[in-house]
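The values are calculated or read from the model by the stated rules, or taken from the named source; none is laboratory data. None of the values given here were measured: they were computed from a predicted structure. As a convention, Cβ positions derive from the backbone with ideal geometry for all residues, glycine included, and neighbour counts pool all protein chains shown. Just the protein is used for accessible areas: all its heavy atoms, side chains included, with ligands, DNA and RNA removed. Shrake-Rupley method; radii C 1.70, N 1.55, O 1.52, S 1.80 Å.
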Amino acid sequence: MSLGYFDYNATTPLSDGVQQAVQEAMQIFANPSARYQKSQQAKQLIQSARIGMGNLLGCAADEILFTSGGTESNNLAIRSVLDRFPSNHLAQQHVITTAMEHPSVLELLRWYQAEYGLQVSYIKPDYEGRVSVEAINTAITAQTCLISLMAINNETGTIQPFEAVAELARQHGIHCHIDAVQAVGKIPLNCHELGVHTLAFSGHKFHSPKGIGGLFCHSGCTLAPLFHGGGQEGGLRSGTENTLGLSGLATAANECYEHLEQQFRHYEKLRCLALNSLRQHQVAFTCNGATTDIHQAPWTLNISLKGIRAESLAARLDLCHNISVSLGSACNNNKTQRRSHVLTAMGLSDQQIDSAIRISFGRFTLPEDIDHLAAAIASEVQVLLRMAPARRQEQESVYES
Ligand SMILES: Cc1ncc(COP(=O)(O)O)c(C=O)c1O
């Protein structure tokens, strides 16, 4: 499946196995809450998805709660912690997060700040996009009730020190929520070993359909439902279950679980190939993200191309080569915020940010796709530089340096 598609961090194509599972589930139309026999198959399907996710996350099936995806799961986890307090006590509560979280965390916390005066510390990452455990430790106060941290950043692929932060939170008796949307299905995760209270995932990031995801919730931890209604998911997430989505999720979870290591090696090879290929094509670029391999997700390559407007490059790659890359985070629909909040928080210059593209690969990316991509970038960079000769010198000087 060669698609000229390099935006796997935004969403992933369904695998053949997932497509087949969804097709088969189309016949299973009965409402899982009904009592007749026809609903049994639907109930079983939900249970398979719960078991599959439990295996993938190293937890019991009944610690998995299904939602519509990462945004809802982050909201559910964070609101469950904060809504335990009477609203007039929230101004005395304190939350620690980072300045580079997904909007489903940042916007929610900003809302609590504006509405109730909640105190929030937004820890800044370093130049490579990683927050330090020490900075989080220093920010802890007697009022800290929640630490919310992403496992892997969606724009740069920088792996955060989430294991150490979970341990720190445990020592202080603080709720630890991990937004693992970019990590689940790609790296080994064991919620019990991590000792986190809640952990969010989203199916469409690992080859399952969109609109399905969930939350690991430690058995000792109480959630406050966002929706009230028919009492599905143990009363924690009312609404008739998304059986089609869950059928895909079950298969996607099993496929990832079986091939986790092999997939990771594939990403590592692709990243190496992409870097070499861009250099061979004499593209002048700098990498945004971690310089140490163990802190960098190999499926993400965020690069700045000096003297190039990322918007123009991405548009030309799309229109002239049918190649899809992202400018930053595709999840951010807020047109008023033009510059990436992640790259800004890392301290990159406006020029580095405006020239940054995110290339993200996946299971179906082939080595020849990478060659094709590097050749297309090289040729379009030349076109753009011919259009703006003054920028050519800037590109050349980066390449020489
Ligand atoms: C880190 C992170 N968290 C949360 C989300 C939101 O997930 P969803 O699209 O399932 O709402 C995304 C989406 O890209 C993400 O990258």
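Within segment 255-372, considering only helices (runs of 4 or more DSSP H) that don't extend past its boundaries, which have at least 1 residues that are closer than 30 Å to G17 by Cα and either touching a Ser or Thr at 6+ places or on another chain (Cβ under 7 Å) or not assigned by TED's automatic domain parsing to the domain that holds E107 (or both)?
310-321
Can you tell me which of G129, G117 is under 15 Å from the mean Cα position of the chain (by Cα), of a type outside the set (A, V, I, L, M) and either at positive phi or surrounded by fewer than 16 Cβ atoms within 10 Å (Cβ to Cβ) (or both)?
G129
Return the pair list, or none, for Cβ contacts closer than 7 Å from residues in segment 1-22 that are touching a residue at least 12 places away in the same chain (Cβ under 8 Å) and over 19 Å from P298 (Cβ atoms) to residues that are among the hydroxyl-bearing types (S, T, Y) and not in a loop (DSSP other than H, G, I, E, B), at least 6 apart or on different chains.
Going by the 7 Å Cβ cut-off, the qualifying pairs are G4/S324; G17/T251; V18/T251; A21/S247; A21/T251; V22/S247.
Which ones in segment 32-73 are of a type in the set (V, I, T) and within 11 Å of L246 (Cα to Cα)?
Within segment 32-73, I46, T67 meet the criteria.
Of the numbered conditions (1) among the polar types (S, T, N, Q); (2) within 16 Å of the ligand (Cβ to nearest atom); (3) in a helix (DSSP H, G or I), T97 satisfies every one except a single condition; which is it?
Every condition holds for T97 apart from (3).
Take segment 1-25 and flag every residue that is within 16 Å of the ligand (Cβ to nearest atom), over 24 Å from T240 (Cα atoms) and not small (G, A, S).
Matches in segment 1-25: Y5, F6, D7, Y8, N9, T11, T12, P13.
Can you work out which of the residues in segment 135-160 that are part of a loop (DSSP other than H, G, I, E, B) and within 16 Å of the ligand (Cβ to nearest atom) is nearest to N288 (Cα to Cα)?
Only one residue fits best here, namely T156.
In the set H266, H281, which member is open to solvent by 10 Å² or more (accessible area, probe 1.4 Å), more than 16 Å from the ligand (Cβ to nearest atom) and within 27 Å of L189 (Cβ to Cβ)?
H266
Are any residues in segment 65-93 away from the ligand (no atom under 16 Å from the Cβ) and either open to solvent by 60 Å² or more (accessible area, probe 1.4 Å) or not in a helix (DSSP H, G or I) (or both), and if so, which ones?
D83, R84, F85, P86, S87, N88, H89, Q92, Q93
Return a yes/no flag: does segment 3-16 have any residue that is open to solvent by 80 Å² or more (accessible area, probe 1.4 Å) and at pLDDT below 95.
Yes, the conditions are met somewhere in segment 3-16.
Going through segment 178-208 one residue at a time, which ones are out of contact with any Pro (no Cβ under 9 Å at 6 or more places or on another chain), more than 11 Å from the ligand (Cβ to nearest atom) and part of a loop (DSSP other than H, G, I, E, B)?
Result: G185, K186, I187, P188, L189, N190, G195, V196, H197.
Would you tally the residues in segment 30-44 being open to solvent by 20 Å² or more (accessible area, probe 1.4 Å) and either in contact (Cβ under 8 Å) with a residue 12 or more places away in the chain or hydroxyl-bearing (S, T, Y) (or both)?
Residues flagged as open to solvent by 20 Å² or more (accessible area, probe 1.4 Å) and either in contact (Cβ under 8 Å) with a residue 12 or more places away in the chain or hydroxyl-bearing (S, T, Y) (or both) within segment 30-44 amount to 4.
So, of the residues in segment 243-257 that are closer than 14 Å to F201 by Cα and of a type outside the set (G, A, S), which turns out to be surrounded by the fewest Cβ atoms within 10 Å (Cβ to Cβ)?
Looking at the filtered set, the residue picked out is C256.
Based on what the data block shows, is H172 open to solvent by 20 Å² or more (accessible area, probe 1.4 Å) and more than 16 Å from the ligand (Cβ to nearest atom)?
yes
If I28 satisfies all but one of (1) within 15 Å of the ligand (Cβ to nearest atom); (2) assigned by TED's automatic domain parsing to the domain that holds Y116, what's the number of the condition it fails?
(1)
Please give the number of the condition G220 fails out of (1) crowded, with 23+ Cβ neighbours inside 10 Å; (2) at pLDDT below 95.
Among (1) crowded, with 23+ Cβ neighbours inside 10 Å; (2) at pLDDT below 95, the lone unmet condition for G220 is (1).
Under 9 Å by Cβ, and 6 or more places apart or on different chains, what pairs join a residue from segment 94-109 that is at pLDDT below 95 with one that is more than 10 Å from the ligand (Cβ to nearest atom) and open to solvent by less than 10 Å² (accessible area, probe 1.4 Å)?
Hits for this filter: zero, empty list.
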